[in-house]
1. Would you mind telling me which numbered condition in (1) of a type in the set (Phe, Trp, Tyr); (2) under 20 Å from HIS1 (Cα atoms); (3) assigned to a loop (DSSP other than H, G, I, E, B) TRP76 fails?
2. Check VAL117 against each of (1) under 14 Å from the mean Cα position of the chain (by Cα); (2) in a strand (DSSP E or B) and name the one condition it does not meet.
3. Being surrounded by 18 or more Cβ atoms within 10 Å (Cβ to Cβ) and either of a type in the set (Asp, Glu) or under 16 Å from the mean Cα position of the chain (by Cα) (or both) narrows it down to one residue among ALA65, ALA8, ALA49; which is it?
4. Suppose we keep only residues that are over 16 Å from the mean Cα position of the chain (by Cα) and open to solvent by less than 60 Å² (accessible area, probe 1.4 Å) within region 11-41. Which one would you say is farthest from LYS85 (Cα to Cα)?
5. When you look at TYR44, is it open to solvent by 50 Å² or more (accessible area, probe 1.4 Å) and closer than 18 Å to ASN7 by Cα, yes or no?
Amino acid sequence: HAETFINAYAAFLSKSGKVTTPRNVEIIKTGTHRELEPYNPDWYFVRMAAVARKVYLRPRIGVGALAHWFGGAKNWGVAPQKFQKAARGLLRHILGQLEKNGIVETVVLENENGQKVTAGRNITSSGLRELDRVARGLAAEE
C-alpha cells in the first residue's frame, strides 16, 4: 500500500543522513490552504518520500502538477471553500534534494526553435534501485 511504502521510505531517508532539511522546517506550512504546520516531526521526509513515489508513478511530472496533487481546499470561513495549490517552493526544495542525492533527474528537451527546455523530472536508475529495495523489504515483511 502507498502509505506503508511512503512511511518506510521516509524512515529510510531520515536514517540515511544525506538529506538537508530547510532551517525553518518547524514552522513551514505545506500550502496556503493549511492553517498550521504539520504535526508529524518527520513530515519533511514523509513529503519527500511521497514526491519520490509520485515521480516514479508519473514520469516527467513537474512542480505545478505536484503542487496541484498536494493541494487542498482552503477554509474561507463562511465563504465557500476553494481549491489552493501546495507550496511550490517547498516542492522545488524537495526535488532539489532528491536530485542532489541522485534519486531524481531533470528532463531537458529541445523545442522547435532549438532552445533547451525542462520537461519535468524522472527517476534515475539508482533512485529506482533504492525505491525497489525499500519495496522489496516491505514485501518480505508481509
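The values are calculated or read from the model by the stated rules, or taken from the named source; none is laboratory data. Model, not experiment: these values are computed from the prediction. Methodologically, a virtual Cβ is constructed for each residue, glycine included, from the backbone with ideal geometry; neighbour enumeration extends over all protein chains shown. The protein model used for the area step is the full one, side chains on, heavy atoms only, and it has no ligands, DNA or RNA in it. Shrake-Rupley method; radii C 1.70, N 1.55, O 1.52, S 1.80 Å.
1. Only one criterion in (1) of a type in the set (Phe, Trp, Tyr); (2) under 20 Å from HIS1 (Cα atoms); (3) assigned to a loop (DSSP other than H, G, I, E, B) is unmet by TRP76, namely (2).
2. Status for VAL117: all satisfied but (1).
3. Values: ALA65 fails: surrounded by 18 or more Cβ atoms within 10 Å (Cβ to Cβ); ALA8 fails: surrounded by 18 or more Cβ atoms within 10 Å (Cβ to Cβ).
Just a single option satisfies the conditions, and that option is ALA49.
4. Step by step, filter region 11-41, then rank; the result is SER16.
5. Values: open to solvent by 50 Å² or more (accessible area, probe 1.4 Å): no; closer than 18 Å to ASN7 by Cα: yes.
Answer is no for this residue.
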